[in-house]
1. Please report, in whole Å, how far the alpha carbons of region 238-277 spread along each principal axis, starting with the longest.
2. Where does the chain land on Rg(C-alpha)/(2.2 N^0.38 Å)?
3. For the ranges 294-303, 256-265, what's the packing order if you count other beta-carbon atoms within 10 Å of each residue, average per peptide, and put the highest first?
4. Which order do you get for ILE222, ILE396 if you rank them by accessible area with a 1.4 Å probe, largest at the top?
5. Under the Karplus relation 6.51 cos²θ - 1.76 cosθ + 1.60, θ = phi - 60°, what is the ordered set of whole-Hz ³J(HN,Hα) values for region 168-179, x standing for Gly and Pro?
6. On average, how much accessible surface per residue is there in the chain, in Å², for a 1.4 Å probe, leaving out ligands, DNA and RNA?
7. At most 15 other Cβ atoms within 10 Å plus a DSSP loop assignment makes a site exposed; report the longest stretch of the chain without any exposed trypsin sites (Lys or Arg not before Pro).
8. Mind listing P(r) for region 241-312? All alpha-carbon pairs, 5 Å bins, whole percents.
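The values are calculated or read from the model by the stated rules, or taken from the named source; none is laboratory data. Keep in mind that what you see is a predicted model, and the values were worked out from it rather than measured. As a convention, Cβ positions derive from the backbone with ideal geometry for all residues, glycine included, and neighbour counts pool all protein chains shown. Side chains are part of the model used for accessible areas, which takes the heavy atoms of the whole protein and leaves out ligands, DNA and RNA. Shrake-Rupley method; radii C 1.70, N 1.55, O 1.52, S 1.80 Å.
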Amino acid sequence: MDQRRGRGVRRRRARHRQDAGPRRFRHTGRRGQGGGTAVRAQREWAAQPYSDRAAVLRRAARLFEEHQQEIETWLVRESGAIRPFAALQVSSGGAEECHEAAALAGAPYGELLRSGQERLSFARRKPVGVVGVIAPFNVPITLAMRAVAPALALGNAVVLKPGPRTAISGGVVFARVFEEAGLPPGLLHVLPGGADVGAVVVEHPQVPVIAFTGSTRAGRAIGVAAARHLKRVHLELGGNSALVVMDDVDLEKAASVGAWGSFVHAGQICMASSRHLVHAPVADDYTALLAQHADALPVGDPLGENVALGPIIDAGQRDNIHRIVTETVKAGARLAAGGTYQDLFYRPTVLTDVPLTAPAYAQEIFGPVAPVVPFQDLDEAARLAAGTEYGLSLGILTRDVMKGLALAERVPSGLVHINDQTVNDEALIPFGGVGDSGTGSRHGGTAANLEAFTEQQWVTVRGELPHYPF
């Protein structure tokens with residue numbers, strides 16, 4: 001994947017835009033027959049030994065490692081990630097996801113069941129067929145690979161629609177890596193484009209499962225469209241996650257933790273620490289320390305040296321962030337840090353005295369903004385943390401971990417981190433949110449991936465034909 005190959009990738013990508021569209025999924029009208037290349041290729045792939053699928057995924061992992069710097073550069077150029085964050089995506093979201101999926105290929109895929117009759121009874125998992133993966137721009141490798149890799153490992157074909165702003169790092173890179181890894185033709189289709197392309201994938205009768213990561217608004221529309229066709233859909237959506245700070249913690253360490261949770265990747269992460277709920281006796285001191293951290297963070301060209309935050313993805317998103325900040329200040333909040341921008345570079349922002357009805361508290365921001373709200377006791381902390389339609393991630397900072405666990409029991413959330421901020425992920429863990437954050441933990445871990453990308457089939461076997469009274 002050197003520069004010459006990169007030019008080849010771009011040429012292939014241009015051709016792919018023309019010939020990889022919906023017409024490749026033509027069908028005769030009977031579900032699963034007469035259809036596209038993905039359907040035919042998937043049947044052959046599912047029939048191969050699991051060890052062959054695992055070998056392809058292990059080779060893909062090695063290719064992510066071998067070409068890490070080149071892939072990092074594409075991530076920086078397309079998504080605005082600083083290089084350390086891009087490196088984490090390639091190593092964790094690329095290589096580690098492939099390694100975990102390689103192990104998944106050989107995982108147990110059924111169980112023996114008891115029966116009241118003289119027969120062998122068991123349930124087994126079979127691949128669903130073709131999985132549609134629709135991924136966003138912000139963390140394009142991780143948020144696509146967590147579905148692409150396990151779906152392939154379990155014997156499926158995949159149609160991947162990357163975010164149009166990260167079509168290379170979130171799409172073409174996948175095609176090149178798996179091609180070099182030896183994935184048979186027809187199993188991975190990359191369809192760059194906008195919402196119209198995603199709609200075709202969701203509506204197509206030969207794509208029975210959709211894995212979508214993106215905004216809650218788009219997720220609702222996809223859920224409605226998929227329901228019309230009785231499709232299974234896995235939705236990983238937005239968040240408005242709370243970081244609860246108790247008065248018994250080291251405040252300097254807590255402010256560092258909070259700054260990372262709100263400002264990493266310019267806050268463009270679904271599980272960012274979007275609301276800092278701080279015990280009232282230390283709220284002012286915590287806010288001052290958090291503002292110091294925000295003021296000290298260098299913002300600029302992510303290809304440059306010593307940059308902590310790169311650009312917002314585009315002017316529209318930057319303007320929405322600034323709208324939220326200015327409207328919140330007009331509602332009575334006070335700027336403790338930030339609140340300004342130059343071009344697409346938005347300064348890390350800390351807001352205090354934030355009304356609970358203000359946009360920065362009530363809405364998903366998707367930018368480097370940290371609203372701070374005090375609470376008086378644990379009951380109020382639980383009420384505030386749970387007082388959102390989202391339920392993705394929760395962080396609780398306290399020396400009393402049992403108190404933290406008790407508080408977590410009262411807050412609906414797919415992820416909970418005691419003594420850490422809200423942005424955490426690993427390839428082998430179940431990931432997902434509740435409420436407006438999605439349909440639960442459908443990504444990561446053997447159980448979640450089997451549930452997401454296979455169908456359960458009941459099988460019985462008798463040694464002799466049974467006798468019936470008819």
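1. Over region 238-277, Cα extents along the principal axes are 30, 16, 8 Å.
2. 1.05
3. Taking the mean over residues of other Cβ atoms within 10 Å, the ranking is 256-265, 294-303.
4. ILE222, ILE396
5. 7, 5, x, x, 4, 4, 4, 4, 5, 4, 6, 4
6. 44
7. The longest uninterrupted stretch comes out as 120-398.
8. Calculated over all Cα pairs of region 241-312, the distribution is 3, 17, 26, 22, 16, 9, 5, 2, 0 percent.
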